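Notes follow the structure.
The values are calculated or read from the model by the stated rules, or taken from the named source; none is laboratory data. Predicted model only: the values in this text are computed from it and were never measured. Here Cβ is always computed from backbone atoms with ideal geometry, including for glycine, and neighbour counts include all displayed protein chains.
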Amino acid sequence: MGHAEAGVGVRKLQPLVALLVPVVLIAGAAYADRDDTPRTFDAATEVRATSGAWFCPHGGGPEGWEVQLQVANPGERSATVRVLTLNGEKAGEPESFEVPAGGFLRIPVESRGRERSSMVEWFGQWVAVGWLAHAGGGEGGVAAEPCAPAAGGRWFLPDGATDVKGDHDYVVVMNPFAREAVFSITLLSERREPVQQGSLTDVALRPFRSVAFDVGDVLLGEPTVSALVDVSVGRVAAATLGVSGTGGIRSALGYLGRPAGTLTFPGGADAGQTRLVVMSAGDPNDRERVSLEGEVLVEEGPPQVFAGLADASMPPSSARTFPTTTTGPTSVRFTASGEDVAAVRRTFGVVSDQAAVTGGEPAASWIVLPAVAGEPSNPGLVLTNPGTEPAVLTLSYLSPGPADQIELTVPPGATVEAPEGFLRVAPEAGVWVRATSGTIIPAAASYSLGHDGFATYAVALGIAVPEGVL
Amino acid sequence: MIASTAQGPFRILWLGEPDGDRFPAPGGDPISLAEAGDRTVRFGLTDRDGVSALDEGRARSGSGYDELYAVLERLLAGGTRHAGALLGPFGVRFVIAEDGDLPPGVVERLTEQLDLDRLPAGGLTIFRNAAVLPTAFVSANAPVPDHADPAAVEASPVVIASPLDGGGETYSGTADAQGTVVVAQQFDAGWRVENGGEVLAPFAGYGWAIAAPVQAGSVDVHFTDQWLRTVELYLLALLWIVALWVTRKPGSA
């Protein structure tokens, strides 16, 4: 068929085409396969955070209370902060303040009402924020605590008791957002059954409002009452406020989400009695008990066993208080085997008043906000090193504190106090603690007011400076 | 649900995995990727009715889109907790993603924003912007810098804004006091603002939008170069007619 010459040509090309076609097909398939591998994307550009917020469910009183927000700016740029204070009614207008680079500022806020809360938005430069409340109007004492850097959907609030007549323990919940929040509070005690009451179930909290609940109205006569706040709609921040009828208040910020398995609770200068309030918020149908361990890191010598926690365990959906006695600056290092376990350390002043401190994890840079409400005062700052290497620290004041700074070494497994001579220079200024090696957990533990400056007592965990914010 | 919870014109920011797929209706096609490592997303911007033929005909590039990209980059990198305020000038009232169509960590980034509130919605992840601004407004207290200044926008107080009527190339309204008029469309020198008998040339508000300082009184914003585009369209139509006539089949008449 066809032209003879052409036929010869076609027959000659056949092997070549037969070879080329599969080669091209294989090469094409290989290329397509290469093209199909997922591409990688450029990493996010390093962006310094230029705005954020702190949530401060500080509470307040019926009258005569003074609440101050304490703002520290360890950065090199000035920061603008915008403060909005909430209660059960429509929020007012926010107020703005400038916090200079390296500066510290106290901002008085409204304090009437147990549910009082504040939101501090910051712009331009990261700041650390906490609160200092001084009770008045027939109530007494000082409470200090860091504010929460985030709001969210599940809060663990271990601190609470309803077995002392005249004492009242509150759960303060704030909703600083433009959307309604709906939440339920479950109360845990040494009883096996969690308590869920109608008044604490599906509570609707309108935008920019806060609310407080007296847990004694629901569960009375319990040595331990912890609260679990579960949010079904929106976001909230929560803390506990304890008001003693014999004089004394204490605040403890809740834990947002599951706390770490091991937490350290610094303390010092107290009367020697420590109560570790532990809540286990696991599923009540889970029969497995949570085992607990604890040790006390002291100033000198090896850590001591937290006697009350030896071989201790708890059933899920329960709460319990473990007491011990301590001397001098001490820290409790607490470990729980299970999840959904949170704890707060409660201590007592030598004259009156009481304090609660939440647990922390080691970090290299901290802001310690003062726990002194006025003069005369006996300021204290405790530093604990739960690590295995010595922590070498530099302590310096934020302005208007002086330019003084000191260096300090905290041995591994020890808790020490900052020198009194350094702290007395500016007892009402924020302190920046930086570790040049090792890591630590600091807290302010101070007395103030009264004849000798021992009338009130408060302990507040430091605020870790996140990496990359300065 | 969106239509029932929000009135007036607004925009929707659509987010999803960086796979190039269309967004759920009416999200349409993505504009581009906002690259942030593992948090990279594809994104789109539509009006409340979704993508239309008109949108298809418009250029999806320019300083406004560049700034939107920068806002997303800042949001995904964790550089802000006020993404709602930054998206406000774009008129973004909702940020929407299909459930399961966001890279890990992106929902967390959105949730931590102070001014984005998550709404319950079946099949979609929806955040409502509490700091949204109208797509065309006049305000006495809105900070409107003439360049991209996210810090100023983040720190903005609650903006009291009166929306303007109109759309397309003409907007009108009334300023109760001295302030700024803003139309959230990309800046073009052909726009003019009439206020109190004066004709003003606008500036690039936020670095990309149409903005001008105004006094109390009536405000009218209009595009003056529309005739040029109309002529261009007529010329294009004429060329088509000529081309069809030239290429007609003989005897087809």
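Restricting the stretch A:225-254 to residues that are farther than 22 Å from B:Gln113 by Cβ and not in a strand (DSSP E or B), the residue that is farthest from the other protein chains (Cβ to nearest Cβ) is A:Thr246. Within the stretch B:116-151, being exposed (fewer than 15 other Cβ atoms within 10 Å of the Cβ) and among the charged types (D, E, K, R) holds for B:Asp146, B:Asp149. If I go through the stretch A:103-128 residue by residue, how many of them are within 18 Å of the chain's Cα centre (by Cα) and among the aliphatic types (A, V, I, L, M)? The qualifying residues number 4. Pairs are defined by a Cβ separation below 6 Å, a sequence spacing of at least 6 or placement on different chains, a first member in the stretch B:25-40 that is within 7 Å of chain A (Cβ to nearest Cβ) and touching a residue at least 40 places away in the same chain (Cβ under 8 Å), and a second member that is assigned to a loop (DSSP other than H, G, I, E, B) and among the hydrophobic types (A, V, I, L, M, F, W, C); the pairs so defined are B:Ala36/A:Ala44; B:Ala36/B:Ala77; B:Thr40/A:Phe41. Would you mind stating whether B:Arg118 is at the interface with another protein chain (Cβ under 10 Å from one of its Cβ atoms), farther than 16 Å from B:Val71 by Cβ and under 16 Å from the mean Cα position of the chain (by Cα)? Judged against the criteria, B:Arg118 is not a match.
Taken together, the criteria place A:Asp270 among residues that are under 23 Å from A:Gly413 (Cβ atoms) and not in a strand (DSSP E or B).
Just to be sure before I move on: is B:Val138 in a strand (DSSP E or B), under 17 Å from the mean Cα position of the chain (by Cα) and away from chain A (no Cβ under 14 Å) in the structure I sent? Yes. If only one of A:Ser184, A:Ser199 is touching a strand residue (DSSP E or B) at 6+ places or on another chain (Cβ under 6 Å), under 28 Å from A:Thr85 (Cβ atoms) and surrounded by fewer than 17 Cβ atoms within 10 Å (Cβ to Cβ), which one is it? Answer to the check: A:Ser184. Going residue by residue through the stretch A:431-449, is there one that turns out to be among the small types (Gly, Ala, Ser) and exposed (fewer than 14 other Cβ atoms within 10 Å of the Cβ)? Yes, some residue in the stretch A:431-449 is among the small types (Gly, Ala, Ser) and exposed (fewer than 14 other Cβ atoms within 10 Å of the Cβ). May I ask you to verify whether A:Gly88 is within 14 Å of chain B (Cβ to nearest Cβ), over 22 Å from the mean Cα position of the chain (by Cα) and either in a strand (DSSP E or B) or not β-branched (Val, Ile, Thr) (or both)? No, not satisfied.
Of everything in the stretch A:303-323, what is under 24 Å from the mean Cα position of the chain (by Cα), buried (at least 16 other Cβ atoms within 10 Å of the Cβ) and closer than 22 Å to A:Gly349 by Cβ? Give them in sequence order. Let's see the steps before the verdict.
Of the residues in the stretch A:303-323, the ones under 24 Å from the mean Cα position of the chain (by Cα) are A:306, A:309, A:314, A:316-323.
Filter again for buried (at least 16 other Cβ atoms within 10 Å of the Cβ), leaving A:306, A:309, A:314, A:316-322.
Residues satisfying the conditions are A:Phe306, A:Thr321, A:Phe322.
Being surrounded by 24 or more Cβ atoms within 10 Å (Cβ to Cβ), at pLDDT 95 or above, of a type in the set (Gly, Ala, Ser) and within 17 Å of the chain's Cα centre (by Cα) is a description that does not apply to B:Ala97.
Quick check on the stretch B:141-168: of everything there that is assigned to a loop (DSSP other than H, G, I, E, B) and under 16 Å from the mean Cα position of the chain (by Cα), which residue is farthest from the other protein chains (Cβ to nearest Cβ)? Step through it out loud before you land on a result.
Residues of the stretch B:141-168 that are assigned to a loop (DSSP other than H, G, I, E, B), as a first pass: B:141-149, B:155-160, B:164, B:168.
If we keep only those that are under 16 Å from the mean Cα position of the chain (by Cα) too, we end up with B:144, B:148, B:164, B:168.
Values: B:Val144: 17, B:Ala148: 13, B:Leu164: 24, B:Gly168: 31 Å.
That would be B:Gly168.
Across the stretch A:416-459, the number of residues qualifying as in a loop (DSSP other than H, G, I, E, B), farther than 21 Å from A:Val357 by Cα and polar (S, T, N, Q) comes to 0. Checking B:Ala201, B:Ala175 one by one, the residue that is over 23 Å from B:Leu68 (Cα atoms), more than 14 Å from chain A (Cβ to nearest Cβ), in contact (Cβ under 8 Å) with a residue 40 or more places away in the chain and of a type in the set (A, V, I, L, M) is B:Ala175 and no other. In the stretch B:1-17, of all residues being at pLDDT 95 or above and farther than 18 Å from B:Gly84 by Cβ, the one that is surrounded by the most Cβ atoms within 10 Å (Cβ to Cβ) corresponds to B:Gly16. Would the stretch B:49-62 turn up any residue that is touching a residue at least 24 places away in the same chain (Cβ under 8 Å), in contact with a helix residue (DSSP H, G or I) (Cβ under 9 Å, 6 or more places away or on another chain), more than 14 Å from every other protein chain (Cβ to nearest Cβ) and surrounded by 16 or more Cβ atoms within 10 Å (Cβ to Cβ)? Within the stretch B:49-62, none of the residues are touching a residue at least 24 places away in the same chain (Cβ under 8 Å), in contact with a helix residue (DSSP H, G or I) (Cβ under 9 Å, 6 or more places away or on another chain), more than 14 Å from every other protein chain (Cβ to nearest Cβ) and surrounded by 16 or more Cβ atoms within 10 Å (Cβ to Cβ). I'd like the residue in the stretch A:209-226 that is crowded, with 21+ Cβ neighbours inside 10 Å and touching a Leu at 6+ places or on another chain (Cβ under 7 Å) and, out of all such residues, is nearest to A:Asp167 (Cα to Cα). Going through the qualifying residues, I end up with A:Val215. Residues considered: A:Glu417, A:Glu375. Of these, the only one that is on the phi < 0 side of the Ramachandran plot, over 24 Å from the mean Cα position of the chain (by Cα) and not polar (S, T, N, Q) is A:Glu375. Considering only residues in the stretch B:80-94 that are more than 9 Å from the chain's Cα centre (by Cα) and part of a strand (DSSP E or B), the one that is farthest from B:Gly44 (Cα to Cα) turns out to be B:Arg93.
Determine if the stretch A:99-107 includes at least one residue that is within 14 Å of another protein chain (Cβ to nearest Cβ) and free of Cβ contacts under 8 Å to residues at least 40 places away in the same chain. Steps first, please.
Of the residues in the stretch A:99-107, the ones within 14 Å of another protein chain (Cβ to nearest Cβ) are A:99.
From what is left, the residues that are free of Cβ contacts under 8 Å to residues at least 40 places away in the same chain are A:99.
Checking the stretch A:99-107: at least one residue is within 14 Å of another protein chain (Cβ to nearest Cβ) and free of Cβ contacts under 8 Å to residues at least 40 places away in the same chain.
Listed by position, the strands (runs of 3 or more DSSP E) contained in the stretch B:169-245 that have at least 1 residues being touching a His at 6+ places or on another chain (Cβ under 8 Å) are B:170-175, B:191-195, B:203-205. Applying the criterion of being in a strand (DSSP E or B) and farther than 30 Å from A:Leu449 by Cα to the residues of the stretch A:66-81, the residue that is nearest to the other protein chains (Cβ to nearest Cβ) is A:Thr80.
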